[in-house]
Structures are given as C-alpha cells and as structure tokens.
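What follows is one structure encoded as structure tokens, with my remarks underneath.
The values are calculated or read from the model by the stated rules, or taken from the named source; none is laboratory data. Bear in mind the structure is a predicted one, so any value in this text is a computation, not a measurement. Neighbour counts are summed over all protein chains in view; Cβ atoms, including those assigned to glycine, are modelled from backbone coordinates with ideal geometry. Please note that ligands, DNA and RNA were not included when accessible areas were found on the heavy atoms of the full protein model with its side chains. Shrake-Rupley method; radii C 1.70, N 1.55, O 1.52, S 1.80 Å.
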Amino acid sequence: MVFLNGTMTANASAAITGFSARVVKNGAYGFASSADYTADSVAEVVRSATENAVFLDAKEKLGRGSFARVPAIVRADGLDFEEKTAQKRIIEFMGEIDAYVAAHCPKLVSRFSAASCLSMEKLLRTSDGVCSHSLTPRSIVAVGLTAMANDGAPVDLYEPFGDFGSFEQVFTDPSQLHAQIDDLYEQLMRKCEGVYAEAGNKQAILHPDLAGILAHEAVGHTVEADFVQSGSIAGPCFGKQVASELVTLVDYAHTALGKRCPVPVYVDDEGTIAEDAVIIENGILKGYMHNKESAAHFGHKPQGNARAFSFSDEPLIRMRNTCIVPGRDKLEDMIASIDDGYYFTKTGNGQADATGEFMFGVNMGYEIKNGKLGRALRDTTIAGMAFDVLKTVDMLSDDLSWSCSGMCGKKQMIPVGMGGPAIKLRINVGGR
C-alpha cells in the first residue's frame, strides 16, 4: 500500500498457494509443482518429480550415494503469529502516517509512505520423517522524504521500519513512528546543507545497516557453497585470514545473542534442522553455507541454508540472518578515535561480485573532524575488496542492530536478515 503526497496510489494484496515435490536419485534431482493443491494433484506432482529424477539419472549417470538419514521430527514454528489485518486498518494507519508527515515536515517537495506485509507459511514433509509447519510473517512501513537543497538539487532520504510479525502486532499505533519520522526529517534538513565527501581511501565508521549489507553482499554470497564451486574468492581463502582478528561473521539460523532474528529459520526446505553457520571466526574463514549436496561435496555438515520462496521454486543455498558479531567498543569512542574521516549511516543500493569487490551507495553520513561529528554529507559511494577492507577493522561497537526489510534476489526473491555493530575501518570513498 502506497501513499504519495496524500494520495493512495497503490493498494494490492495477493495469495499464492501450491505444492511441490523434489526427488533425488543417485545425485539427480527431479522437481515438479502445481498450484492445484488437492490430493489428486499431490499424487501427480510426486509421480512427475520421481519420473524426472529417474530420467535425469539415466542421462547424467552421477552415481552418487544417498544422503545420510536424519532423525524424524515434528515441529511447528511461528504459528502463534498468525493474525490477519484488515485492509481498512492498514489504510487508516497509513493515512495517519501521511498526515503526520505533511503536518510536521513543512519543507518537503514530495513525500511517500508505504506498507508491505509478507507472510510465508510452509508445510514440509521428507522421506526421513521430518514434518515441519512454519509461519514467517514480516511487516514493514517505509517513509521517503524529498526536499530541495540551497543549490536547487533534490535531496531525499528513505527509512524502513518494521519487524517480525503481522501488521497488527508490529504496528499498534501510528504515534509509535512519530519520533523516527521526526529524526528522519531532521537528518534530511542537515543533508540539504551538506557537503560532498572527499574521494580517497579514508578512515570511516559504518553504521550497522552498512555493516549488514557488507556482510551479506560482499562476503555472504562469496561463501555460499554453490558460488564457491563456481569459482568465488572464498574457495582459495578457506582456512586463511580474510579479516581482522576482531571480526567474527555468522549466518544465524533463528536466534542471535538471545533474541529472535528478523527471518527465523528452524528447519530448511530440505528438512535440515537449522543451526548457526560460522563463516569467519576471529578473522579466519572457517565455513561455507550449504545445502545437503554441497555439504556432502565438501565433507561439511549441512546447517539449514537450503531455502525456497514460492512453492514453484526449488531450494537454493541462501543466507538467513547474516551479520558481524558485536565487539566491545562504544560508538562515541570510535568517533573520537578518528581525526579526519566519515561516519556513513544509510545505504540505498549496492552490488558485489564473486571476487568480493563491492560498491555501495551512501545516502547519509557525516564528516568526522578531530574526533567529533561534523557536517552532513550528500550522496556518495564506498567501494573495495571485502576481505581487504575487513582486514583493516580495528574497532567494533558493542551493540547489534538488524535491518528489518532485506530481500535477496539470488534467482528468486526471499526475505533475509542482515546487520551487525558499527565497524571502524578504512574504505575507498567515491566523493562527488
């Protein structure tokens, strides 16, 4: 649902339901699916998937053995969060958010607000006797503000708010977002008077949101085992130092530091019980993310990273909740330690490749001069080679913050969690 300058421009909902079956024979996979979720359709899909596996086995002749059996389990997760919110309730909520922005952010030339709710319910049964029924709901409200700088250029900021749960559970009253909207507007006004960053290799602090995208995009994808097998930088780096000894990076399954993660996964879509996957430990590359097949190839234990989004998608090796583990430093001490650098706080986009090379857009940040925050920054970029940049980390804040709205687009969109502490490092800054 979207409001643009007081007008509701989008209001849509959809439900997608179906069934799929996946069969493996001697290392060859057969897959079939149907949107017709009936007993006859289930039988037909299973038959088709089996025939596909037999056909591919005859062609590929891989001759691989069966996967080790896992203990049979029956479990349900997240079902207590099943609560549908009426469209009318969301319309009224978003209307109040839009009205608040209009009344309390007077210097805008444009505003938008959007609500996005996603609920994934899965029933899984495997031939090993794993039976899982899970519900993963997520509700997001995003606010975008645009103003004009003194030089006549449009300046904008965007912020998503939300959490795990239904809309009614996450957003009890529009007033709970007023303080965050006020802060977003204040940052926008500072940005309107901001300066451009100076290009070069600089000392910088990355806000947890940027630490999260660094962990996900620049490191996480390189250590997904299918990318490793296709030649990512993580292959020859296994067991070697790839970061400062302060850095430990984990793909959490469902709980981190005693709290539920943004996208909790308890059983993956191959029936593997989900466990935390330690990727980097004290600077050393210790692990990859696997499905059953890649784990068998590398001789590792699968830890629940096989995920599919829609019923018609086959499970792929995917991240769940990827972050750098917090350290022991205070943010104010990290800022005080920099004579001339930057504190980058918001990102809007980014890209990385299998070499670990990355470039992220920075939508908000501040100068650091003589250990104090200075002027706000206009849009810029940061770039580097992930493992080289991580080796320069010399301080990590002692808190953990998650991004609430992450979506990963590896062949199929799927929600992910990413986050971390604030991290101090050296990084290439793009300037104007």
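Relative to the longest principal axis of the Cα atoms of the chain, the long axis of helix 87-104 lies at roughly 20 degrees.
How big is the antiparallel share of DSSP beta bridges in the chain, given as a percent to the nearest 5? Bridges in the chain that DSSP calls antiparallel: roughly 85 percent. Among the protein heavy atoms, those of R111 account for about 50 Å² of accessible surface (1.4 Å probe, every chain in place). Charges were assigned to the Cβ only: +1 to each Lys and Arg, -1 to each Asp and Glu. The resulting dipole of the chain about its Cα centre is roughly 660 debye. Exposure check, 1.4 Å probe, all protein chains in place: S310 carries approximately 30 Å² of accessible surface.
With all protein chains kept in place, the per residue accessible area of region 1-69 amounts to 66 square angstrom at a probe of 1.4 angstrom. Over the residues of the chain, the helix contribution to mean residue ellipticity at 222 nm works out to -6000 deg cm²/dmol, using -39500 (n - 2.57) for each DSSP H run of at least 4. Under a model in which nothing but the beta-carbon of Lys, Arg (+1) and Asp, Glu (-1) is charged, region 1-143 shows a dipole of about 440 debye around its Cα centre. A simple spin-label model places the labels of R375 and S175 4.0 nm from each other, with each point 7 Å out along Cα-to-Cβ.
Each Lys or Arg adds one and each Asp or Glu subtracts one; over the other residues with Cβ under 10 Å from the Cβ of P174, this totals -4. In order along region 327-332, phi translates into HN-Hα couplings of x, 10, 8, 9, 4, 5 Hz, rounded to whole numbers, per the Karplus curve 6.51 cos²θ - 1.76 cosθ + 1.60 with θ = phi - 60° and x for Gly and Pro.
Surface composition of the chain: carbon plus sulfur atoms contribute 50% of the solvent-accessible area (1.4 Å probe, protein chains only, all chains present). Each peptide in 78-88, 422-432 was scored by the mean count of other Cβ atoms within 10 Å over its residues; highest first, the order is 422-432, 78-88.
Across region 221-296, the convex hull enclosing all Cα atoms gives 96 Å³ per residue. Taking the C-alpha atoms only, the angle from helix 39-60 to the longest principal axis of the chain is near 80 degrees.
If you add up the charges near L108, with Lys and Arg at +1 and Asp and Glu at -1, over every other residue whose beta carbon is less than 12 angstrom from its beta carbon, what do you get? My count for the surroundings of L108 gives 0. The residues of region 283-336 have, on average, 38 Å² of accessible surface per residue, using a 1.4 Å probe with all protein chains present. Computed from Cα positions, the angle between helix 178-192 and the longest principal axis of the chain comes to roughly 60 degrees. For K25, nonlocal amide neighbours, meaning residues 5 or more places apart or on other chains whose placed amide H falls under 5 Å from its own, are G30. For region 275-292, putting each phi into the Karplus relation 6.51 cos²θ - 1.76 cosθ + 1.60 with θ = phi - 60° gives couplings of 10, 5, 10, 7, 8, 10, 10, 6, x, 9, 6, 10, x, 10, 9, 10, 9, 5 Hz, in residue order, rounded to whole numbers and with x for Gly and Pro. Global size of region 86-165: 19.4, 66 Å for Rg and Dmax (C-alpha atoms, Rg to one decimal, Dmax whole).
For the pairs K346/K424; K122/K286; K202/K286; K391/K424, flag any whose C-alpha to C-alpha distance is greater than 22 Å.
From K346/K424; K122/K286; K202/K286; K391/K424, over 22 Å: K122/K286; K202/K286.
Descending by average beta-carbon neighbour count within 10 Å, the peptides 200-210, 53-63, 113-123 line up as 200-210, 113-123, 53-63, the highest first. Beyond 20 Å, the tail of the calculated P(r) for region 120-190 holds 53 percent of the Cα pairs. Counted by Cβ distance under 10 Å from A204, the other residues give a net charge of +3, where Lys and Arg count +1 and Asp and Glu count -1. Identify the residues of region 48-67 with backbone N under 13 Å of a label point that sits 7 angstrom from the Cα of N26 along the Cα-to-Cβ direction, or state none. Under cut-off, by backbone N: 53-66.
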